1. Amide H of Ile32: which non-local residues (sequence gap of 5 or more, or other chain) have their own amide H closer than 5 Å, using H built in the peptide plane?
2. Suppose R0 equals 41 Å. What FRET efficiency, 1/(1 + (r/R0)^6) with r the Cβ-Cβ distance, do Ser178 and Glu95 give to the nearest 0.05?
3. Any chance you could count the Lys pairs in the chain whose alpha carbons are under 21 Å apart, treating pairs 8 or more apart or on different chains as valid?
4. Out of region 89-185, which trypsin sites (Lys or Arg not before Pro) are coil in DSSP terms and have no more than 11 other C-beta atoms within 10 Å?
5. Extending each Cα 7 Å along its Cβ direction at His162 and Ala109, get the distance between those two points in nm, one decimal.
6. Working out 0.36 nm times the residue gap between Asn35 and Gln13, then minus their Cα-Cα distance, what length gain in nm do you get to one decimal?
7. Would you calculate the volume per residue, in Å³, of the smallest convex hull containing every Cα atom of region 7-152?
8. Can you list residues whose amide H is under 5 Å from Val131's amide H, if they're 5+ apart or on another chain and H is modeled 1.01 Å from N?
Amino acid sequence: MYHPSSFIDAGAQIGENTRIWHFCHISPEAIIGNNCILGQNVFVANGVTLGHGVKVQNNVSLYTGVTCEDDVFLGPSMVFTNVINPRSFVERKSEFRQTLVKKGASIGANATVLCGVTLGRYCLIGAGAVVTKNVGDFALVAGVPAQQIGWVSRLGHRLVFHNGEASCAESGDQYRLSDGCVEMM
């Protein structure tokens, strides 16, 4: 389903049950998985891949080099970049850096993600954060520049570790913290 005000260029690959709302533009070499939702005014450039179940809120531009795995959430007006040192008078298309957002990660409203980083599985990026370096699995980061302030469960609840173990308040899933990394048990 796509709204008639949106432009879907020939060649774009769009999965089943994906919904594309008002004023979106999907480029011809974009790949969008099944069951995705693209809110109003979303741009998806050539070379962008979105997995299944990705939710892109209003006013998000996904530039060449961005890959989002399954079940990623991109909050309203969050920003990706693809060149580290842009200049209007210098073409740097050959310098685009890859950005990977892993399965289940969430990026809050108005956050900025600089190009070339990897956001770990189920990490949570706080609203307004500026991410300048890689973020680990299940990490909770916030601020400018973004700093890790804790850990979250797969369902997004803050984890409190005792003797290296924690559980999700909603699901009861168990987690282990070892050597600065969190994994589900």
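Bear in mind that the values in this text are calculations on the coordinates, not laboratory data. The shown structure was predicted, so the numbers you read here are calculated from the model rather than taken from an experiment. Don't worry about glycine lacking a Cβ; one is built from the backbone with ideal geometry, like all the others, and counts go over all protein chains shown.
1. Those qualifying (amide H under 5 Å, at least 5 residues apart or on another chain) are Gln13, Ile14, Gly15, Leu50.
2. On the way: r = 37 Å, r/R0 = 0.91.
Between Ser178 and Glu95 the formula returns 0.65.
3. Numbers: Lys55/Lys102; Lys55/Lys103; Lys102/Lys133; Lys103/Lys133.
Here the count comes out as 4.
4. Details: sites: Arg92, Lys93, Arg97, Lys102, Lys103, Arg121, Lys133, Arg154, Arg158, Arg176; in loops: Arg92, Arg97, Lys102, Lys103, Arg121, Lys133, Arg154.
Loop-located and lightly packed - none at all.
5. 3.5
6. On the way: separation 22, 0.36 × 22 = 7.92 nm, distance 1.30 nm.
That pair, Asn35 and Gln13, stretches by 6.6 nm at full extension.
7. Details: hull volume 13.5 nm³, N = 146.
Looking at region 7-152, the number lands at 93 Å³ per residue.
8. Answer set, sorted by chain and number: Thr112, Val113, Leu114, Ala146.
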